[in-house]
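A.B. asks: The structure is given below, and queries will be raised subsequently.
The values are calculated or read from the model by the stated rules, or taken from the named source; none is laboratory data. Worth saying up front: this structure is predicted, and the values here are computed from it rather than measured. Note that we place each Cβ from the backbone using ideal geometry, even for glycine, and neighbour counts take in every protein chain shown.
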Amino acid sequence: MFDRIAHRYDLLNRSLSFGQDVVWRKRMKRYLPDREGLRLLDLATGTADQLIYLASDERIASGIGMDLAEKMLDVGREKIKQRNLDGKLRLETGDAVAIPAADESADVATISFGIRNVIGVTEALLEMRRVLKPGGRALILEFSLPRNTLMRRLYLFYFRHVLPRVGSLVSGDAYAYRYLNQTVETFPYGEAFCELMRAAGFEAVQAHPLTFGIAAIYQGDKP
């Protein structure tokens, strides 16, 4: 599915989120560990937006992005090349539930708008914990549902009726953008997702709500 929409993925992210996806991805830099020489692993990296935005932080020494969608990775590789980041970043084929990386090989493991798409959420969290060094940090950016009743109604109307139609029209793939709103509404968020992270062995778990709670950055450290 993601290979089918790779050619329009970035355009749709910007337009359907009114540019907020860029703001949210950049916000993740606030929660990087406060030390130099960080090795970053970005899962479900897609077209490498999150990897590229984080790489602009001087604390990041190197980064690897992994995804199963090869056409998405092709778009990401071109973006990395255009920004002259070839020496700092690279993209590889990889599954978040079976990460092809050594134990304790990363300081930061991230996944943005991808955790709800994996086959096993718990398995992905356990894999993130495995590849992190002691003291390493997992950062997960994902949609959630606003607590405010009015905002939730407006948000769900947009996700159920506007987003699928516009997404289908621009991408030519009706299923992909029906799938998006269905996964957002059924995926655990807030404290429920924090509990999943704690169960996977993360400590100091926190949720940082974004834009009235329509998205959140989840943070957890490996002891």
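A.B. asks: Name the single residue, out of those in the stretch 114-153 being assigned to a helix (DSSP H, G or I), polar (S, T, N, Q) and in contact (Cβ under 8 Å) with a residue 12 or more places away in the chain, that is nearest to V22 (Cα to Cα). Before the answer, list the steps.
C.D. replies: Going through the stretch 114-153, the residues assigned to a helix (DSSP H, G or I) turn out to be 115-117, 121-131, 149-153.
If we keep only those that are polar (S, T, N, Q) too, we end up with 117, 122, 149.
Filter again for in contact (Cβ under 8 Å) with a residue 12 or more places away in the chain, leaving 117, 122.
Numbers: N117: 20, T122: 27 Å.
The residue in question is N117.
A.B. asks: Let me ask something else. Can you tell me which residues in the stretch 186-220 are in contact with a strand residue (DSSP E or B) (Cβ under 7 Å, 6 or more places away or on another chain) and of a type in the set (S, T, Y)?
C.D. replies: Listed by number, the residues that qualify are Y189, Y218.
A.B. asks: From the list L73, L41, L91, L85, which residue is part of a strand (DSSP E or B), over 20 Å from A216 (Cα atoms) and at pLDDT 95 or above? Working first, answer last.
C.D. replies: Working: L73 fails: part of a strand (DSSP E or B); L41 fails: over 20 Å from A216 (Cα atoms); L85 fails: part of a strand (DSSP E or B).
It is L91.
A.B. asks: Take K79 and tell me if it is within 20 Å of L210 (Cβ to Cβ) and without any contact (Cβ under 8 Å) to a residue 60 or more places away in the chain.
C.D. replies: Details: within 20 Å of L210 (Cβ to Cβ): no; without any contact (Cβ under 8 Å) to a residue 60 or more places away in the chain: yes.
Spelling it out, it is not the case that K79 is within 20 Å of L210 (Cβ to Cβ) and without any contact (Cβ under 8 Å) to a residue 60 or more places away in the chain.
A.B. asks: Which of the residues that make up the stretch 152-208 are of a type in the set (F, W, Y) and modelled with pLDDT of 75 or more? Show your work before the answer.
C.D. replies: Going through the stretch 152-208, the residues of a type in the set (F, W, Y) turn out to be 155, 157-159, 175, 177, 179, 187, 189, 193, 202.
Those that are of a type in the set (F, W, Y) and modelled with pLDDT of 75 or more: Y155, F157, Y158, F159, F187, Y189, F193, F202.
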